[in-house]
1. Show the residue pairs meeting these rules: Cβ distance below 9 Å; 6+ apart or different chains; first residue within segment 107-132 and under 27 Å from S187 (Cα atoms) and surrounded by fewer than 17 Cβ atoms within 10 Å (Cβ to Cβ); second residue among the hydroxyl-bearing types (S, T, Y) and modelled with pLDDT of 90 or more.
2. Can you report the number of residues in segment 159-186 which are at positive phi and either surrounded by fewer than 22 Cβ atoms within 10 Å (Cβ to Cβ) or free of Cβ contacts under 8 Å to residues at least 60 places away in the same chain (or both)?
3. Select from segment 187-245 the residues that are touching a residue at least 60 places away in the same chain (Cβ under 8 Å), closer than 18 Å to C160 by Cβ and more than 17 Å from the chain's Cα centre (by Cα) and list them in ascending order.
4. Kindly indicate whether T155 is of a type in the set (S, T, N, Q) and under 13 Å from P108 (Cα atoms).
5. Is there a residue being part of a helix (DSSP H, G or I) and of a type in the set (A, V, I, L, M) anywhere in segment 93-108?
6. Quick check on segment 148-158: of everything there that is in contact with a Gly (Cβ under 8 Å, 6 or more places away or on another chain) and among the hydrophobic types (A, V, I, L, M, F, W, C), which residue is surrounded by the most Cβ atoms within 10 Å (Cβ to Cβ)?
7. Of all residues in segment 61-97, count the ones that are out of contact with any helix residue (DSSP H, G or I) (no Cβ under 9 Å at 6 or more places or on another chain) and over 20 Å from I113 (Cα atoms).
8. Is segment 227-249 home to any residue that is closer than 21 Å to S129 by Cα, touching a Gly at 6+ places or on another chain (Cβ under 6 Å) and either modelled with pLDDT of 95 or more or not in a strand (DSSP E or B) (or both)?
Amino acid sequence: MKIKSSLIIGLERLLSPLGIRVVSIAKNRVRGIDLLLDIDCLLNHKSSPVIFDVGANNGDVAQEFLEAFPSARLVAFEPFTGCYESLKTLFANQTNIRVENIALGEVPSTGKINLYSGNNMNSLLEMESSPVEAFKGTFTKLGAQVGTAPVKIETIDNFCRQNGFEHVDLLKIDTQGFDLNVLKGASLTLKNHSITVILIEINFIPMYKGQASFLEIHAYLDSFGYRLVGLYNHSRHDGYTAWCDACYVAESGVKIDSLKRD
C-alpha cells in the first residue's frame, strides 16, 4: 500500500468538485487507465509493431493506432465494400497500411453481412430485437437494417500463413458479436502465442443473435494462456456496463516488472 503525497491529496480536493480525478500514468508501467500507453508497454515499446485491425470500419481506430505507432505495419480488414473503399482512399499514400476486403471467421467460406443504417453496426450476425428496445433513440438512427451483401470469409491462421506473417503484435477485433468466431479461426496462431496483445470489444447486452458472451470469450483466450490486462472505454446504460474493450496479453509475453502491484 502506498500513502498519497500531500500534493496529490491537495490536487484531488481542488479538482474533485469539477468532476476531475487525479491518476498516475507512467509510460513504463501497465496501469489499466490509458489503453494505448498500456499496449505500448506490453509490446515493450516496439517501434514498428504488426497490427491487425479486424472490423476496421471507417478507420478511426486504425488512425489512433498509427498516431501511437507511426511506423507500424497495419492490415485493416473490412468486409463492407463502402467502408473498404473509404479506407483505401484514406490510406492511399501510406505504404505501411494494407486494406483487405474480407471478413475473418472460424473457417474459410462465403457468407453475407447484414447492413444497417449506421455502418458501424454491420455484422455477419442478425441483430436482436432487445437492444433496439433498450436504446430506442440510438437504434432508430443506427439499427435499421438496409440490406445484406455477400462476403468472403477467411481465417487468421490461413491469412498469416499465406501472407508470411509469423507474428502479430496487436490484434484488434470489433466485429459486432462475431468476435469469438474470429478468434476460433486463429487457434494455431493463439496456441503458438504468435499474437502478443489482443484488444476485443465485449458486449454485455445481447445485441446480435448468436453472439458470444464475455465469459465464453474469456474462457477461450484463457485456454490458450492469454491473461486479461484490463477493461477500457466503458459505455454504460441504466447504470450498467453495456460494452467495453478488453485487452489480453499472451502469458509468455508478459513483462513481470511492468505488472507490479502498487
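1. Close Cβ pairs satisfying both conditions: V107/T155; P108/T155; K112/T148; E126/Y208.
2. Here is the first cut: in segment 159-186, the ones at positive phi are 164, 176-177.
Narrowing the set further to residues that are either surrounded by fewer than 22 Cβ atoms within 10 Å (Cβ to Cβ) or free of Cβ contacts under 8 Å to residues at least 60 places away in the same chain (or both) leaves 164, 177.
Qualifying residue count, segment 159-186: 2.
3. Residue satisfying the conditions is H193 alone.
4. On the way: of a type in the set (S, T, N, Q): yes; under 13 Å from P108 (Cα atoms): yes.
Here the answer is yes, as T155 does meet what is asked.
5. Keep residues of segment 93-108 that are part of a helix (DSSP H, G or I), which gives none.
No, segment 93-108 contains no residue that is part of a helix (DSSP H, G or I) and of a type in the set (A, V, I, L, M).
6. I156
7. Filtering segment 61-97 down to residues out of contact with any helix residue (DSSP H, G or I) (no Cβ under 9 Å at 6 or more places or on another chain) leaves 61, 66, 70-71, 73, 79, 81, 84-86, 88-89, 92-93, 95.
Applying the additional criterion that residues be over 20 Å from I113 (Cα atoms) yields 61, 66, 70-71, 73, 89, 92-93, 95.
Qualifying residue count for the region: 9.
8. No.
The values are calculated or read from the model by the stated rules, or taken from the named source; none is laboratory data. Because the structure is predicted, anything quoted here is derived from the model rather than measured. Positions of Cβ are generated from backbone atoms using ideal geometry, with glycine treated the same way; all protein chains shown enter the neighbour counts.
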